[in-house]
Amino acid sequence: MDTLILGIESSCDETSAAVVKNGREILSNAINSQIAIHKQYGGVVPEIASRRHIEVIDGIVDEALAEAGVTLSDVDAIAVTAGPGLIGALLVGVSHAKAMAFALKKPLVAVHHIKGHITANFLADKTLEPPFVCLVASGGHSHIVDVRSYTDFDILGRTRDDAAGEAFDKIARVLGLGYPGGPLIDKLAKEGTASVDFPRVQLGDSLDFSFSGVKTAVINYLHNLEQKELTYNKADIAASFEEAVVDVLCDHTIRAAKMRGRDTVALAGGVAANSRLRQEMAQRAAAAGMKLVYPPPVLCTDNAAMIAAAGYFAYEKGERADMSLNASANLPF
């Protein structure tokens, strides 16, 4: 018998609702993005994001149900991102999901945002089965995770300072590219060459990341040139910075897969949409005899389909949340 999960995501600046069947098939994935609103501020303003979620969440849920051709009575459970993320934004989604679950007497499932990103790969590749190693790289997270089963995850490495996507945004701002920085760096880097050797931070044998050093190195490099009134090619800087980050991301991920004896690696999170990362990871995975899996761009950024899919596997395991569920900005993995 098919199981339909309604997913709700509101951890940052996307309000999304989706209906997913059996954890693998997307029936709908409605997304309201706030990029245009926050672009003028150069980044997400939490209070504005929260207010916008409140304004649109009802309509987004209705849109997801209509697109899927189902009603709330057809849904078996409601899954919602409980954290981590912006606390005000999270509270909108959690409150909405709790209200629906209570009124409809439907099971409520709390989903960890990072686990949702990982689960997006099950929607992208319906043949994918655990175990595998997944790199989760986004504006707020940089994790290497050993996916031992659909609900059993082990963190092998994480960032000790800036997340990869955060570094992309900051360098894009320094280069005057605007927001969001990731896609803009990706586009500009294609026009340049990686002619500047920015540092690759290795923390001994650890699989942890540190991107504050390369971010600072780029900023200091540019300031030095500007103080000497020397010109520089923005595309070359973007390509060089991107290459430094991608090099470390790929190196640690492939090392982690070898350590755990996995023959499949996956990408997840907003940075997983970066074309250079996909290209380089594909080459290194192939050289190591591994398969590479990654979601389409729409499933890399925040969306409710991944939350519904993760909710399905948790639901099948018997996980349930009650009306005491609260949002957590720093929800433990």
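All of the numbers you see were taken from the coordinates with simple rules; none came from a lab. Keep in mind it's a predicted model, so treat the numbers as computed, not measured. Glycine gets a Cβ as well: all are built from the backbone with ideal geometry, and neighbour counts include every protein chain shown.
Within the chain, the whole DSSP H helices whose Cα atoms reach 27 Å or more along their own axis and whose mean Kyte-Doolittle score is at least -0.5 are 46-68, 234-260.
Would you mind checking K258/K317; K115/K215; K115/K317; K170/K215; K21/K106; K115/K187 for any pair whose Cα atoms are more than 19 angstrom apart? Write out the running numbers ahead of the final one.
Details: K258/K317 29 Å; K115/K215 27 Å; K115/K317 15 Å; K170/K215 8 Å; K21/K106 16 Å; K115/K187 28 Å.
Check vs 19 Å cut-off fails for K258/K317; K115/K215; K115/K187.
I need the shape label for the stretch 235-300. Rule: rounded when a/c is under 1.5, else prolate if a/b > b/c, else oblate, with a, b, c from the alpha carbon gyration tensor.
On the way: a/c = 2.21, a/b = 1.39, b/c = 1.59.
Because a/c hits 1.5 or more and a/b fails to exceed b/c, the stretch 235-300 counts as oblate.
Distance between the pseudo-spin-label points of E229 and D205 (7 Å out from Cα toward the beta carbon): 5.4 nm.
I need the peptides 180-191, 123-134, 319-330 ranked by packing, meaning the mean over residues of other C-beta atoms within 10 angstrom, with the highest value on top. Could you put the intermediate results ahead of the total?
Details: 180-191: 19.9, 123-134: 18.2, 319-330: 14.4.
Going by the mean number of other Cβ atoms within 10 Å, highest first, we get 180-191, 123-134, 319-330.
Shape analysis of the chain based on the Cα gyration tensor places the equivalent ellipsoid semi-axes at 35, 23, 16 Å, largest first.
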